[in-house]
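The values are calculated or read from the model by the stated rules, or taken from the named source; none is laboratory data. For clarity, every value in this text was computed on a predicted model and none was experimentally measured. A quick note on method: Cβ atoms are made from the backbone with ideal geometry, for glycine too, and the neighbour counts reach across all protein chains shown. Heavy atoms of the whole protein, side chains included, go into the accessibility calculation; ligands, DNA and RNA do not. Shrake-Rupley method; radii C 1.70, N 1.55, O 1.52, S 1.80 Å.
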Amino acid sequence: MDALQKELSNLNKVARLSSAVEDVDNIIGLLSTARDQVARALDPHTASLTMAKLQNPIKEGFEAVNQDLRDVSKSHRNLGKALDKSLPLKPIPTSPFSSDAMAGHQALINRAIAMHLLREGQFSVASTFISEAQDNPAGQTSTTPTSSLHPTDTTHFVDVDEHMGDLDEVTPQPPQGLSSLQSQELQTKFSEMYRILQDLKTRNLVPAIGWARSNSVELEDRGSNLEFELSKLQYIWLFKGPAVNSLPDDEWNGRSGALRYAREHFGRFQDRHLKEIQKLVNAMVFAPNLGGSPYNNIFATDSAFTDVACSFTREFCSLLGLSAESPLYIAATAGALALPQLMKYTSAARAKGTEWTTANELAFETPLPRRMLYHSIFVCPVSKEQTTEDNPPMMIPCGHVLARDTLEKLCKGSRFKCPYCPNEGHLKDAQQIIL
């Protein structure tokens with residue numbers, strides 16, 4: 001694994017196509033200069049001399065480009081060899097009882113992939129994928145998305161305007177599961193999200209604050225503090241002054257600009273954030289020695305813009321009815337974490353001559369990060385069996401919860417008696433719950 005880390009580090013440090021691009025730009029510059037000299041030359045011999053002098057620099061330029069490309073290719077080959085050595089290809093052990101749970105849901109898989117690409121801002125790739133999914137709804141050929149950017153990662157962004165038109169050219173009447181992604185409104189929403197994230201990357205909070213203000217009612221209904229957090233960071237950013245924020249040195253910047261901003265915009269937040277506003281304003285007294293004041297941690301902005309970008313992405317997606325993270329990304333990551341243990345268990349079970357026959361649940365607990373745990377697992381207190389889609393948890397009128405199969409076995413006719421309290425009820429009064 002150390003060798004793999006070393007090769008990956010070399011790839012990140014050395015193998016840059018930007019060097020080749022710079023060398024090509026230098027060649028173009030030489031050619032452009034020579035063209036201008038030839039065009040201005042009155043003596044034919046001057047043009048010939050210019051072309052003769054150009055040969056060696058052009059030759060050296062092409063050699064530099066080829067060397068840059070060879071370095072990149074070498075680094076990629078070395079990384080590939082290190083990957084093959086550190087992570088050898090092993091067949092996934094299978095069981096005669098195993099089955100592909102998603103085999104009959106190709107439309108849902110296509111929609112998940114397309115939605116992931118749209119969420120990542122990969123509009124051109126999404127356009128191609130949707131077109132090919134329309135031409136081949138049965139999924140007989142594979143299309144692999146290459147997006148690697150996380151919705152909450154603000155380290156790089158695509159040119160949204162360049163690719164927005166691609167999705168408008170997709171053939172109409174898409175298969176089920178992709179129709180909602182044809183909406184120009186949805187495409188525009190994601191375009192807006194990435195434009196605002198791009199502005200946050202450059203420390204420009206104004207577009208994000210404008211979006212939060214225009215959606216303040218929906219955000220307040222969700223109990224979100226996003227608008228105040230953005231306004232608070234804007235106050236802090238102005239407070240730091242032009243030496244830090246590189247904004248114009250005028251009355252709208254610096255401590256005077258921050259105080260003006262607080263007077264104009266903090267009034268509407270007093271009911272919910274009065275104490276925080278008081279701390280922000282009281283920091284004015286300690287401005288000459290803010291680092292030694294009790295307010296120093298409030299004005300630290302090392303990770304503030306990254307944090308607020310994550311909060312913005314989460315709230316933006318929530319108003320669209322989407323999770324903060326791509327479900328496809330979560331599923332792939334969780335699967336990658338669970339797969340080694342599953343392979344180990346299956347191999348051990350096969351070596352002992354036993355087989356895993358459970359269809360709806362794993363035979364062991366899969367360790368996943370807390371952020372990937374979305375619901376609790378309910379085990380019926382009577383049957384001691386885990387509930388499933390076919391045997392969901394049911395809440396009876398007294399408030400106790402049992403598996404549906406257990407409840408049906410307790411019924412005498414249409415009535416049942418709760419096994420944990422004296423109450424009785426009718427089967428029709430039991431309600432399915434989702435944990």
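Here are the numbers for this structure:
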read-out	value
Within the stretch 247-266, tally of residues that are in contact (Cβ under 8 Å) with a residue 12 or more places away in the chain, over 19 Å from PHE286 (Cα atoms) and outside any helix (DSSP H, G or I)	2
Selected residue (criterion: surrounded by the most Cβ atoms within 10 Å (Cβ to Cβ)) from residues of the stretch 270-318 that are within 14 Å of GLU229 (Cβ to Cβ) and in contact with a Ser or Thr (Cβ under 7 Å, 6 or more places away or on another chain)	THR313
Matching entry among LEU407, LEU402, LEU427 (being farther than 30 Å from LEU373 by Cβ and among the aliphatic types (A, V, I, L, M))	LEU427
Residues of the stretch 418-427 satisfying the condition of being touching a Cys at 6+ places or on another chain (Cβ under 6 Å) and surrounded by 16 or more Cβ atoms within 10 Å (Cβ to Cβ)	CYS418, LEU427
Of residues in the stretch 49-104 being under 30 Å from SER347 (Cα atoms) and β-branched (Val, Ile, Thr), the one modelled with the lowest pLDDT	THR94
Pairs with Cβ under 8 Å, 6+ apart, first in the stretch 80-103 and under 30 Å from LEU4 (Cα atoms) and open to solvent by less than 70 Å² (accessible area, probe 1.4 Å), second of a type outside the set (A, V, I, L, M) and at pLDDT 65 or above	ALA82/LYS6; ALA82/GLU7; PRO93/THR346; PRO93/SER347; PRO93/ARG350
Qualifying positions in the stretch 386-396 - open to solvent by 40 Å² or more (accessible area, probe 1.4 Å) and modelled with pLDDT of 90 or more	MET395
The stretch 402-417: number of residues that are surrounded by fewer than 20 Cβ atoms within 10 Å (Cβ to Cβ) and on the phi < 0 side of the Ramachandran plot	10
Index of the failed condition, THR354 passing every other in (1) polar (S, T, N, Q); (2) at pLDDT below 75; (3) touching a Ser or Thr at 6+ places or on another chain (Cβ under 8 Å)	(3)
Members of the stretch 10-32 that are open to solvent by 70 Å² or more (accessible area, probe 1.4 Å), modelled with pLDDT under 85 and part of a helix (DSSP H, G or I)	ASN12, LYS13, LEU17
Enumeration of residues in the stretch 204-246 that are open to solvent by less than 80 Å² (accessible area, probe 1.4 Å) and not in a helix (DSSP H, G or I)	ASN204, LEU205, ASN215, GLY223, SER224, ASN225, LYS240, GLY241
LEU328 being in a helix (DSSP H, G or I), among the hydrophobic types (A, V, I, L, M, F, W, C) and open to solvent by less than 40 Å² (accessible area, probe 1.4 Å)	no
Residues of the stretch 359-385 satisfying the condition of being surrounded by 11 or more Cβ atoms within 10 Å (Cβ to Cβ), at pLDDT below 85 and outside any loop (DSSP other than H, G, I, E, B)	MET372
Pair list, Cβ under 6 Å, 6 or more apart: the stretch 405-425 residue in contact (Cβ under 8 Å) with a residue 12 or more places away in the chain, other residue in a loop (DSSP other than H, G, I, E, B) and open to solvent by 80 Å² or more (accessible area, probe 1.4 Å)	GLY425/PRO397
Residue check for ALA64: surrounded by 13 or more Cβ atoms within 10 Å (Cβ to Cβ) and over 30 Å from LEU87 (Cβ atoms)	yes
Residues being under 52 Å from the mean Cα position of the chain (by Cα), without any contact (Cβ under 8 Å) to a residue 24 or more places away in the chain and open to solvent by less than 60 Å² (accessible area, probe 1.4 Å) - total across the stretch 33-61	1
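Matching residues to (1) farther than 30 Å from ASN296 by Cα; (2) at pLDDT below 90; (3) of a type in the set (Asp, Glu):
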position	(1), (2), (3)
THR155	no, yes, no
MET164	yes, yes, no
SER183	yes, yes, no
PHE190	yes, yes, no
TYR194	yes, yes, no
GLN198	no, no, no
ASN225	no, no, no
ALA258	no, no, no
